[in-house]
Amino acid sequence: YQYGRKYGRHLFSWRCWLLNSHQSRYYSLFENLPHAIAHLEVIWDDKGEPSDFVIRDANCSFAKITGYNKDDFIGKKITEVLPRLNIILNYWIDLARRVYAGTKSCSFEFYNEISKRWYELTIFSTQPDCYAVLLHDISGRKHAEQKINDYCFHDQLTGLYNRRFLEEEMQRLDSERFLPISIIMADLNGLKLINDNYGHSTGDEVLKKTAVILQESCRAEDIITRMGGDEFVVFLPKTGLGDAKAICDRINKKSADTYIKTLPISIALGIAVKNTPNKSLDDTLGEAEKNMYKNKFTDKGNLKST
């Protein structure tokens, strides 16, 4: 009997040590994970809806993202710790509702102005009224996606949008809410002659300068693309013929005052306008191209440079 009591005490002590050891090991893992984790308790409003969260615990990575020491936010509300992220809190609350309704976990991505980085937030329930939040830094992935997007939808020489982007954007713009929409077709005169006589590096400089002229002449909301070769297209949403002509005048004036190695930059322009939903953007683009070629060959100064 005495032996059994002594053995039982040792066994109980061993179990306590083992439990404490496991807890210490898991808490150490929790503290040193590269992902930010916080344990939150939901605050309910008078209508029974979640309105805020109290931070019950968080690891070092969470403290690093928020810029606080752990002692500064444990036991405080999210709105107190991250007052500039109140808009994002609405997403958190919405996810909490969905998880509360039975969804296992929910996620969304957001950009943190404080740390200047992208994060993926995942929220899931640990017990009634309590949630765990996992923040994963996805800035590297976002930057890679941006590089791929730039490569796929931008012309590598000029930095303008490319033909692929234009084809996709035309589907979005072919809507009544953008009417009237004007299209300017621009063609750089004499590029082949420049390449043959001065080299392709000079031709590239002329193309890049033409892109700058178009950007400086157009408005921020206008969509400027390089179709390929010496052709450029400008889409002007909610713009009539008068404003489109004014932009063409600015392009002509800037190009007339611009030289590359004593070579004047000459751009042939054509305008077309879509005023009604029945007219397609493809037809409008074709009309702008016809008008551009008409102006190109009407201007005798361009005949030798085409």
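What to note about this one:
- The range 136-206: radius of gyration and largest Cα-Cα distance (Dmax), Å: 17.6, 55
- Protein-only accessible surface at a 1.4 angstrom probe places the residues M292, M170 in the order M170, M292, largest first.
- Amide H contacts under 5 Å for H154: N162, restricted to partners 5 or more places along the chain or on a different chain, H placed in the peptide plane at 1.01 Å from N.
- Taking the accessible area of the range 71-176, probe 1.4 Å, and keeping the other protein chains in place, the carbon and sulfur fraction comes to 49%.
- Each of N69, G228, N195 was scored by the projection of its Cα onto the charge dipole of the chain, and the greatest displacement toward the positive side belongs to N69; charges sit on the C-beta of Lys, Arg, Asp and Glu.
- Per-residue extension of 0.36 nm, minus the Cα-Cα distance of T122 and Y26, leaves a gain of 32.5 nm for this segment.
- 10 Å beta-carbon shell around G228, net charge (K/R +1, D/E -1): -1
- J(HN,Hα) series, the range 32-49, from Karplus relation 6.51 cos²θ - 1.76 cosθ + 1.60, nearest Hz, glycine and proline x: 9, 5, x, 8, 7, 10, 9, 9, 10, 10, 6, 10, 9, 8, 5, 8, x, 10
- Heavy-atom accessible surface of E167, to the nearest 10 Å², is about 100 Å², with a 1.4 Å probe and all protein chains retained.
- Between the helical axis of 139-153 and the longest alpha-carbon principal axis of the chain there is an angle of about 20 degrees.
- Theoretical gain in end-to-end length, D243 to R98 [0.36 nm per residue, Cα-Cα removed]: 47.3 nm
- Exposed trypsin sites (Lys or Arg not before Pro) absent - longest run of the chain, DSSP non-H/G/I/E/B, at most 15 other C-beta within 10 Å: 117-218
- Magnitude of the charge dipole, the chain, Cβ model with Lys/Arg +1 and Asp/Glu -1, debye to 20: 900
- Surface calculation, 1.4 Å probe, protein heavy atoms: E49 sits at approximately 70 Å² accessible.
- Estimated at 0.36 nm per residue, the fully extended path between K253 and S105 surpasses their Cα-Cα distance by 47.4 nm.
- I260 long-range amide H proximity, modeled H, under 5 Å: I265
- Value of Rg/Rh across the chain [Cα atoms, Kirkwood radius]: 1.27
- Charge dipole (the chain, unit charges on Cβ, about Cα centre) - positive-most of Q171, G270, L157: L157
The values are calculated or read from the model by the stated rules, or taken from the named source; none is laboratory data. Remember, predicted model here, so these are calculated numbers, not experimental data. In this analysis, Cβ positions are derived from the backbone assuming ideal geometry, glycine residues included, and neighbour counts consider all displayed protein chains. Quick note on the areas: whole protein, heavy atoms, side chains included, nothing else; ligands and nucleic acids left out. Shrake-Rupley method; radii C 1.70, N 1.55, O 1.52, S 1.80 Å.
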